[in-house]
Ligand code: HEM
């Protein structure tokens, strides 16, 4: 009898969700694990919270990992797979970090729910929690789940934008993934925290488009400051904050947009957002508005829907996020 009642309750709840249209995001939905691993979000939060206390740079690292996984081949955790020629071996992914934290979360989740929660969902949940932590608790978005893990990971399939692309070229890549221009402008707000290596901006500092001069779209004062941190001919590849507002380079907030509006963008694509006719007004509106964090959360949900695998014949739930289930550990 008890089983019957709970089945009816589940049915009513599902119908209610469908009829009101809330909680449904394509194949994904809020609370996907509420029946078979109801504690998953608490487990993820706990492990992520401990990792953030140890090293808060895990927040930008994980946001970038989520972007790189979703953008190439969809949000299927293919970036996590080890292998001599897997996605993580492609050059734009060589500086991606956060794999160990995903391993820790997966182990903690497996202890409670054996092969129920996908690695792709773990990335999405962990990233959500880290956005909250990096905003100082000022924002939290709900992220639907139900992704399956992919079985294919190839460095050759990695397809990410380069900082040298124009806004239009970058927007075309987002469009191929059903992400709008607005999503793109908001998601690049991920650069309000985290760092870049000097190697990505040396041309802007010393030899922009083979002119032997700095990029004229960078504030000369910033050129001088960054040249000190990224000296020409240095044998080491230093790191620079992506958000040059020193008081908020580690805080998820609107300051990145304010900086690029005054020519203090670090990556070329960031500066182009503020200068290009396609995106200039959006940047001004975000910089002057007070809803960036909420809108960033919505864009992160949209990013999390890119080419999701939901049919069991196309995906799986891994036991270890580093290997597919075509191995003895999975049985
Ligand atoms: C659209 C074009 C994009 C380009 C060309 C781009 C490029 C880059 C580059 C070159 C770096 C520095 C990497 C390094 O030095 O190792 C970086 C860092 C970062 N990117 Fe992007 N990015 C883009 C979009 C995004 C998006 C959409 C997000 C978030 C959803 C994002 C989040 C980050 C974060 C958080 C970091 C800092 C990582 C860290 O500190 O470990 N990026 N990006």
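The values are calculated or read from the model by the stated rules, or taken from the named source; none is laboratory data. Computed from a prediction, not measured in an experiment: that's the story for all the values here. Cβ: placed from backbone, ideal geometry, glycine included. Neighbour counts: every protein chain shown.
Quick notes on this structure:
- Residue within the range 113-120 that is within 15 Å of the chain's Cα centre (by Cα) and within 16 Å of residue 41 (Cα to Cα) present: yes
- Whichever residue in the range 293-305 is farther than 14 Å from residue 254 by Cβ and more than 11 Å from the ligand (Cβ to nearest atom) and, among such residues, is surrounded by the most Cβ atoms within 10 Å (Cβ to Cβ): 305
- The selection criterion, being more than 10 Å from the ligand (Cβ to nearest atom), modelled with pLDDT of 95 or more and not assigned by TED's automatic domain parsing to the domain that holds residue 271, holds for residue 149.
- Residue within the range 202-214 that is closer than 20 Å to residue 91 by Cα and either more than 8 Å from the ligand (Cβ to nearest atom) or in contact (Cβ under 8 Å) with a residue 60 or more places away in the chain (or both) present: yes
- Within the set 175, 159, the sole residue that is surrounded by fewer than 16 Cβ atoms within 10 Å (Cβ to Cβ), assigned to a helix (DSSP H, G or I) and within 16 Å of the ligand (Cβ to nearest atom) turns out to be 175.
- Boolean, residue 181 is buried (at least 18 other Cβ atoms within 10 Å of the Cβ) and either within 30 Å of residue 308 (Cβ to Cβ) or touching a helix residue (DSSP H, G or I) at 6+ places or on another chain (Cβ under 6 Å) (or both): no
- Residue ID - farthest from the ligand (Cβ to nearest atom), chosen from residues in the range 163-172 that are assigned to a helix (DSSP H, G or I) and in contact (Cβ under 8 Å) with a residue 24 or more places away in the chain: 168
- Selection of the range 178-198 for residues being near the ligand (Cβ under 9 Å from one of its atoms), closer than 23 Å to residue 72 by Cα and not in a loop (DSSP other than H, G, I, E, B) yields 183, 184, 186, 187, 188, 189, 190, 191, 192, 195, 196, 197.
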